[in-house]
Amino acid sequence: MIRAEPLQPAFGVYVHWPFCLSKCPYCDFNSHVRHQPIDEARFARAFEREIATTAARTQGRTVTSIFLGGGTPSLMQPSTVGAILESIGKHWHVAPDVEISMEANPTSVDATRFHGYRAAGVNRVSLGVQALNDASLKSLGRLHSAREALDAVAIARKVFDRYSFDLIYARPDQTAAMWTDELKLAISEAAEHLSLYQLTIEEGTPFFGLHAAGKLKTPDEGMSRILYDVTQEVCAQMGLPSYEISNHARPGAQCKHNLVYWRGQEYAGIGPGAHGRLDINGFRHAIATEKRPETWLMRVEATGHGVNTDEILNSEERADEFLLMGLRLGEGIDPDRYKALSGRALDPDRIRILRDEGAIVVEDNGRLRVTQEGFPVLDAVVADLAA
Ligand SMILES: C[S@@+](CC[C@H](N)C(=O)[O-])C[C@H]1O[C@@H](n2cnc3c(N)ncnc32)[C@H](O)[C@@H]1O
Ligand code: SF4
């Protein structure tokens, strides 16, 4: 049997910008609305301090990807983005072919800054388009129209060699025919990458309350499955197969940064509410920073970092996380790595049963991956293998 290819070394840096112009009713990301102007220069100084502190714990790493996420990082001035990227370059070694992605909201105001972001070093942009019709955008509480979103996509195409955009599907009242048409339009506008998320009703959001009260009807399990299958079929036919449960790319155009998470590699989390996974002296640290932006800011100014929790994962936790993240990928996982992390091999009987059910396959090179039939029940597959 041919063994799986060894992993290329990678080190990602995630930077969180926690502000938005308004809060979308479905979103539970760490994003906050402020009615006073944000002191970006002060935040940029705090980012540099936290970067310096984190880099001191992770000396010798070469940064292979940077991701500016949010919130809405495209509310930042290009000079703030430039300062953050400069700080990363000052404190870590950065690979010459580093991928630098930035999330952007597709409003015309944000798009006018794209040239500035490119000049600052950003080489990939990910736009939160969410839907391509105005009625859906309105019901999702978005501040932009479909036309504005497509205009922003066109600007992204001109300015950046690499861009992606996000859509949310399995929306209230969405039919398979409507979604097929919307998806085809999206693919015709996409270059190399699309993120397609099923609407999740997150606890604590306005959508959660409406849903619980029966005022927001989302597709049932059967309909969700149909919409998922449509997504897979249309994208694969049109050259954007999925490489992760919600992410589609032309071959070679996957988001390098997100692969770092799913492959269980190392990444630093900078900014309010950012998460990191660092390997220090043979231990895997799960790190999370203070979520409240102003508290994080003051904490960093006082102590040099905003870390709230820093826990060492035991071998079982590491192995479970590896399984949970890795099985989201089309390439699946290397069972030998699972064994090395957990100290025990995956149970051959469970593998056989899941294989007979058509939920997983074991490739000739030894990798274990979830099938198209298995993806809609991924959580159950992971729970079964991890048990
Ligand atoms: C952190 S958001 C950032 C993007 C940017 N702030 C925006 O909204 O345009 C990343 C993506 O997660 C997706 N997302 C957020 N909440 C979601 C939910 N409840 N269900 C499905 N997708 C969601 C959206 O597609 C969104 O673009
Ligand atoms: S979806 Fe994006 S714009 Fe909307 S609140 Fe969440 S992070 Fe902000």
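Worth pointing out:
- Computed in the context of the full set of protein chains, the accessible area of segment 29-115 at 1.4 Å probe radius has 54% of its extent on carbon or sulfur.
- Shape analysis of segment 201-283 places it in the oblate category; the axes a ≥ b ≥ c from the Cα gyration tensor give an a/c of at least 1.5, with a/b not above b/c.
- When only Cα pairs below 8 angstrom with a gap of at least 6 residues are kept, segment 267-387 shows a relative contact order of 17 percent.
- Debye equation applied to the C-alpha atoms of the chain, log10 I(q)/I(0) at 0.07, 0.10, 0.15 Å⁻¹: -0.32, -0.69, -1.56
- Surface per residue (accessible, 1.4 Å probe) for segment 202-337, Å²: 46 Å²
- Cα shape, segment 1-137, gyration tensor, a/c 1.5 rule: oblate
- Förster radius 45 Å - calculated FRET efficiency between Asp310 and Ile201 (Cβ-Cβ, nearest 0.05): 0.90
- Between the amide H of Val13 and those of Ser65, Ile66, Phe67, Ala268, distances stay under 5 Å, these residues lying 5 or more places away or on another chain, with hydrogens modeled in the peptide plane.
- Peptide packing: for 246-255, 222-231, the average count of neighbouring Cβ atoms within 10 Å per residue gives the ranking 246-255, 222-231, highest mean first.
- According to the Kirkwood relation over distinct C-alpha pairs, the hydrodynamic radius of segment 348-387 is 10.0 Å.
- Expected-Rg normalisation [2.2 N^0.38 Å, Cα atoms] applied to segment 84-191: 1.21
- Alpha-carbon gyration tensor eigenvalues x 5, square-rooted, for segment 238-314, Å: 31, 17, 9
- Calculated over segment 230-387: convex hull of Cα atoms, volume per residue (Å³): 146 Å³
- Above-threshold pairs, the threshold being 31 Å between Cα atoms, out of Lys23/Lys158; Lys23/Lys339; Lys158/Lys291: Lys23/Lys339; Lys158/Lys291
- Segment 305-368 - convex hull of alpha carbons, volume per residue in Å³: 115 Å³
- For the chain, Cys with no neighbouring Cys Cβ under 4.7 Å: Cys20, Cys235, Cys255
- Rounded, prolate or oblate (a/c below 1.5 giving rounded, otherwise prolate when a/b exceeds b/c) for segment 145-277 by Cα gyration tensor: oblate
- Contact order relative to length of the chain, as percent, for alpha carbon pairs under 8 angstrom and 6 or more apart: 16 percent
The values are calculated or read from the model by the stated rules, or taken from the named source; none is laboratory data. Keep in mind that what you see is a predicted model, and the values were worked out from it rather than measured. For neighbour counting, all protein chains shown are included, and Cβ atoms are generated from backbone atoms with ideal geometry for every residue, glycine included. Just so you know, the surface numbers come from the protein's heavy atoms only, side chains and all, with ligands and any DNA or RNA stripped out. Shrake-Rupley method; radii C 1.70, N 1.55, O 1.52, S 1.80 Å.
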